DNA sequence: TCTGGGGTCCTAGGACCC
DNA sequence: TCTGGGGTCCTAGGACCC
């Protein structure tokens with residue numbers, strides 16, 4: 001009986017969760033630094049300038065779809081009717097951090113969900129949802145220049161839906177609060193939302209649900225969670241409860257370290273030479289290692305994948321290899337070396353390689369007392385020198401990270417990943433904006 | 001011709017154990 | 001020839017998210 005708990009929840013002990021996200025986030029970041037883009041149709045392209053991954057409202061109005069490939073709108077760009085920018089993730093990451101810091105001022109409990117989204121627990125915080133939401137939007141806009149929408153609900157899933165409405169319904173002025181509504185009123189609102197707009201219902205589930213007569217968020221909210229559990233999964237059963245106002249998904253306000261770290265890229269052009277592939281893989285290993293050190297972890301295994309085609313028209317195939325790292329490590333040099341060993345074991349000449357990736361696995365925190373597997377080694381002198389080598393390596397990596405943080409990624413790297421500026425595997429980025437906020441050389445100058 | 005990259009969680013099935 | 005039941009761990013694959 002889905003309705004059993006619903007009346008019970010609709011009281012003042014209800015949670016109040018907000019979801020705030022940046023509107024067209026990447027485009028908005030570009031506009032903060034380049035005001036001439038405001039009011040114009042603008043898109044931001046994926047790596048390699050492949051397809052659209054962020055669109056301004058004006059670009060959406062022109063019918064440009066999310067993920068649409070560049071060649072579909074080349075002529076629009078040529079004629080000056082559309083501005084297309086290469087992705088500048090250093091800029092987006094930096095503006096994201098600023099936005100998240102501002103949001104954190106509104107609640108002691110914050111979950112940073114993605115680069116442009118944050119949940120806040122507003123339970124027990126003074127003010128109506130509308131008042132707080134309006135304050136949030138104004139402060140973020142004033143302090144970072146990023147436009148946002150705010151959705152509020154008794155569960156994360158309803159906060160997500162509220163955020164969706166805040167964007168879609170102009171009358172709401174960017175803030176939608178679904179807490180404290182009578183059941184009939186809430187169901188009436190959910191009745192206008194297609195089921196695939198619900199968080200957790202994707203392309204595959206939506207048609208299956210529709211086949212069972214569940215085509216709106218209201219239908220799903222009225223379903224029996226036990227039955228959904230049987231026919232689908234616990235995840236979707238939780239979604240049903242969340243839609244009923246029963247909070248099942250906790251706010252994860254303490255960031256868990258990543259369980260795996262991936263760095264992979266499609267190449268700007270196909271490569272055939274082992275040396276090119278080796279440079280790319282070494283470089284990707286360095287970048288993955290840097291991410292690993294940021295979260296102060298070590299990896300106990302590394303996987304290298306390479307993607308190739310038999311001929312330009314064939315489908316993509318892949319090969320991969322995994323090697324264990326004993327002891328677990330966060331060292332760029334060891335990770336890059338091991339990645340090269342993986343690559344050597346799977347490389348075969350004669351193919352067009354179009355992409356490669358490095359994945360760090362079996363990640364655990366880098367504590368001196370962390371139960372890491374040590375090498376079996378009965379020669380204590382050797383063990384000691386290995387320990388000293390590790391200490392020296394840690395110091396070296398700290399220096400490397402500091403230099404790269406100050407002078408830009410890639411300033412310092414192992415010789416194995418050094419390459420020419422026109423290496424074929426480097427990604428294509430024809431129209432990237434400057435690193436206005438993260439590189440001294442490209443700092444934005446504001447004329448007052 | 002041209003279509004990204006980086007994550008998480010769940011489930012089913014096989015290996016293995018007692 | 002007979003041939004249980006229950007548990008854990010691991011992995012691959014599916015589905016979802018931004």
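Rule-based calculations on the coordinates, nothing more; no lab input. Keep in mind that this is a model prediction, so the values were computed, not measured. Note that we place each Cβ from the backbone using ideal geometry, even for glycine, and neighbour counts take in every protein chain shown.
Once the cut-off is 32 Å, how many percent of the Cα-Cα pairs in chain A end up in the long-distance tail? Before the final figure, lay out each step's value.
Working: 51982 of 100128 pairs.
It works out to 52 percent of all Cα pairs.
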Point to revise | Potential lengthening between residue A:367 and residue A:250 on full extension [0.36 nm per residue; Cα-Cα distance subtracted] | key: 39.4 nm
Check your understanding: P(r) of the range A:200-269 in 10 Å steps, Cα pairs, percent per bin?
Key -> 17, 38, 20, 19, 6, 0
Exercise for review: Would you compute, for the Cα atoms of the range A:51-96, the largest minus smallest coordinate along each principal axis and list the three values in descending order, in whole Å?
Suggested key: 32, 18, 17
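Would you order A:199, A:425, A:143, A:313 from fewest to most other beta-carbon atoms within 10 Å of each residue's own beta-carbon?
Details: A:199 19, A:425 23, A:143 13, A:313 6.
Fewest to most other Cβ atoms nearby, the residues stand as A:313, A:143, A:199, A:425.
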Check your understanding: Over what distance in Å are the Cα centres of the range A:96-150 and the range A:412-429 separated?
Key -> 39
Check your understanding: Kirkwood hydrodynamic radius for the range A:394-448: how many Å is it when counted over pairs of different Cα atoms?
Key -> 13.7
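Using the Kirkwood radius built from alpha carbon pairs, what does the Stokes-Einstein equation give as D for the range A:183-225 at 25 °C and 0.890 mPa s, in µm² per second?
Values: Rh = 10.3 Å.
It diffuses with D of about 239 µm²/s by this estimate.
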Practice item. Kindly provide log₁₀ I(q)/I(0) values, in the same order as q = 0.13 Å⁻¹, from the Debye equation applied to equal alpha-carbon scatterers of the range A:70-222. Key: -0.76
Point to revise | the range A:201-247 versus the range A:290-360: alpha-carbon centroid distance in Å | key: 39
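Hey, what D do you get for the range A:224-302 in µm²/s if you plug the Kirkwood alpha-carbon radius into Stokes-Einstein at 4 °C and 1.567 mPa s?
On the way: Rh = 16.8 Å.
Value of D from the Cα-based Kirkwood radius: 77 µm²/s.
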Practice item. Within 10 Å, count the other beta carbons around each residue, average over each peptide in A:68-75, A:148-155, A:20-27, and list them highest first. Key: A:148-155, A:20-27, A:68-75
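Mind jotting down a quarter of the surface of the convex hull over the alpha carbons of the range A:184-338, in square nanometres, one decimal? Please list the in-between numbers first.
Values: hull surface 57.1 nm².
For the Cα atoms of the range A:184-338, the hull's average projected area reads 14.3 nm².
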Check your understanding: For the range A:11-80, treating each Cα as an identical point scatterer without solvent, what Debye log10 I(q)/I(0) comes out at q = 0.14 1/Å?
Key -> -0.49
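Quick check: residue separation of residue A:185 and residue A:431 times 0.36 nm, minus the Cα distance between them. What number comes out in nm? Could you put the intermediate results ahead of the total?
Values: separation 246, 0.36 × 246 = 88.56 nm, distance 4.81 nm.
That works out to 83.8 nm of additional length.
What value, in deg cm²/dmol to 500, does the helix sum -39500 (n - 2.57) over DSSP H runs of n ≥ 4 give at 222 nm once divided by the residues of chain A? Intermediate values should be presented prior to the final figure.
Working: 15 runs with 169 residues, N = 448.
Helix-only estimate at 222 nm: -11500 deg cm²/dmol.
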**Study point:** Distance in nm between pseudo-label sites at residue A:258 and residue A:13 (7 Å out along the Cβ direction from Cα)
**Key:** 4.0
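Evaluated at 25 °C with a viscosity of 0.890 mPa s, what Stokes-Einstein diffusion coefficient in µm²/s does the range A:262-356 have when Rh comes from the Kirkwood expression over alpha-carbon pairs? All intermediate terms of the calculation are to be shown ahead of the outcome.
Values: Rh = 13.6 Å.
The Stokes-Einstein estimate is 180 µm²/s.
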Check your understanding: How much length is gained if the chain between residue A:210 and residue A:130 is pulled fully straight, taking 0.36 nm per residue apart and subtracting their Cα-Cα distance, in nm to one decimal?
Key -> 25.4 nm
Point to revise | Separation in nanometres of the label points that stand 7 Å from Cα toward Cβ, at residue A:235 and residue A:113 | key: 1.5
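Taking N as the number of residues in the range A:1-129, what is its alpha-carbon radius of gyration divided by 2.2 N^0.38 Å? Kindly include the intermediate steps, with their values, before the conclusion.
Details: Rg = 19.3 Å, N = 129, 2.2 N^0.38 = 13.9 Å.
My calculation over the Cα atoms of the range A:1-129 gives 1.39.
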Check your understanding: Can you list, largest first and rounded to whole Å, the semi-axes you get for the range A:136-228 by taking the square root of 5 times each eigenvalue of its Cα gyration tensor?
Key -> 28, 15, 11
